[in-house]
Amino acid sequence: MSNCEKFAPLLSAYSDRELSAGESLLVRQHLFECEACTAELKTLEGIRGLMLEMPSAPEPRVNFEQLIAATRPQTGSRARLVLGLACVAVVVSLIAPGVMRTAHIVPPQTTNQELEREIARDQMIEAEADPTSGAPLVHLAGYSR
Amino acid sequence: MFSMLKSKTEAISANAEFEQLMRGAYRQAHSVAYRLTGNQVDAEDLLQESFVRAFRFFHRYDRSLPFLSWMYRIISNAHIDMVRRRNKLKPSSLDHGGKDGDQALEIADLSFCPGVELIRSSYSDCVQKALNAMNPEFRMAVVLSDVEGMSYEEIAAIMETSIGTVRSRIHRGRTQLRGFLLKLQPETYGRMI
Ligand SMILES: [Zn+2]
């Protein structure tokens, strides 16, 4: 392995001052005698400079309360609870519609389809999969009350 | 009955703690999500997904790690999943990162980049485009280092890897970035970097 092959991968860490004192000294010695690596170091510092000059991110459009609200109905126990309550509610509502109001976790307008989506999403999270893949995404607006 | 009440009280206080920690981390989390994705829509999707995962796994949060670092870890993992999923959906895309991830996973839209008459904003658009084309692990390491100003040790803790790997990801990330910029605008960036 040539000296350049040995030292080139260390140049970013060198410019970030993330090498040990010993490594840093060896790189400095090599830079002293190698034009190619000196040019490479300058390029890498230029790249870092471009990153530093990036403007800061714009303000988030979605507010904190909406994001927090979106976390709440997604939990496994809750989704299962919702499903259970929904089944009970269907039966109970035939007999005594007023009782359903006690199951306030189920929003009054929640349909079975919405419940299925919530559960599908929940199962994907459980499987460490990303719920945005393929499965219909539950929009934030749905949770802002 | 008492234990049920106790666990309910604990759940409420965990929720309150989660909300308080999240409130403190939210803007920074959005800023990193934006830098990783390069646009508001994807940043918000990523942020929402990360909130959901964080809430779900909050009981596993190890307090020895700052909460913001833990959030960055979640965002990083969610972002890697997002990129991989999207690339899988694209028939012509590379569905692997090469044996050591040197190939970019995301296919960059290289069609637009400003010419010689660069204005500052479009020029940073160009850097963002090059960032978007970068392998997501490298991208996260570079963003944490160069935008968030974190040390390699902090980045290694966030990405659950060694400092040597962080060193390599940052170096190869910057090298990829240079390659993309030179491909986008050889004349402009050839002079600048
Ligand atoms: Zn050399």
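The values are calculated or read from the model by the stated rules, or taken from the named source; none is laboratory data. Note that the coordinates shown come from a computational prediction; the quantities given were computed from them, not determined experimentally. FYI the Cβ positions are ideal-geometry reconstructions off the backbone, even for glycines, and counts take in every protein chain you see. Surface areas here come from the heavy atoms of the whole protein model, side chains and all, with no ligands, DNA or RNA. Shrake-Rupley method; radii C 1.70, N 1.55, O 1.52, S 1.80 Å.
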In the range A:53-73, the residues that are in contact (Cβ under 8 Å) with a residue 40 or more places away in the chain, open to solvent by 20 Å² or more (accessible area, probe 1.4 Å) and facing chain B (nearest Cβ under 8 Å): A:Arg72
Checking A:His30 against (1) buried (at least 19 other Cβ atoms within 10 Å of the Cβ); (2) within 20 Å of B:Arg174 (Cα to Cα), the condition it does not meet: (2)
Of the criteria (1) away from the ligand (no atom under 16 Å from the Cβ); (2) modelled with pLDDT of 95 or more, which one A:Pro55 fails: (2)
Some residue of the range B:50-73 being in contact (Cβ under 8 Å) with a residue 12 or more places away in the chain, closer than 21 Å to A:Glu59 by Cβ and in contact with a Pro (Cβ under 7 Å, 6 or more places away or on another chain): no
Residue tally, condition buried (at least 20 other Cβ atoms within 10 Å of the Cβ) and either facing another protein chain (nearest Cβ under 7 Å) or among the basic types (Lys, Arg) (or both), over the range B:32-44: 3
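This table checks each residue for (1) at the interface with chain A (Cβ under 10 Å from one of its Cβ atoms); (2) modelled with pLDDT of 85 or more; (3) surrounded by fewer than 21 Cβ atoms within 10 Å (Cβ to Cβ).
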position	(1), (2), (3)
B:Lys99	no, no, yes
B:Arg120	yes, no, yes
B:Ala156	no, yes, yes
B:His171	yes, yes, no
B:Pro186	no, no, yes
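Inside the range A:10-27, can you point out the residues that are of a type outside the set (Val, Ile, Thr) and within 11 Å of the ligand (Cβ to nearest atom)? Can you show your working first?
First pass over the range A:10-27, keeping only residues of a type outside the set (Val, Ile, Thr): A:10-26.
Once the filter is applied, which keeps residues that are of a type outside the set (Val, Ile, Thr) and within 11 Å of the ligand (Cβ to nearest atom), the range A:10-27 yields A:Leu10, A:Leu11.
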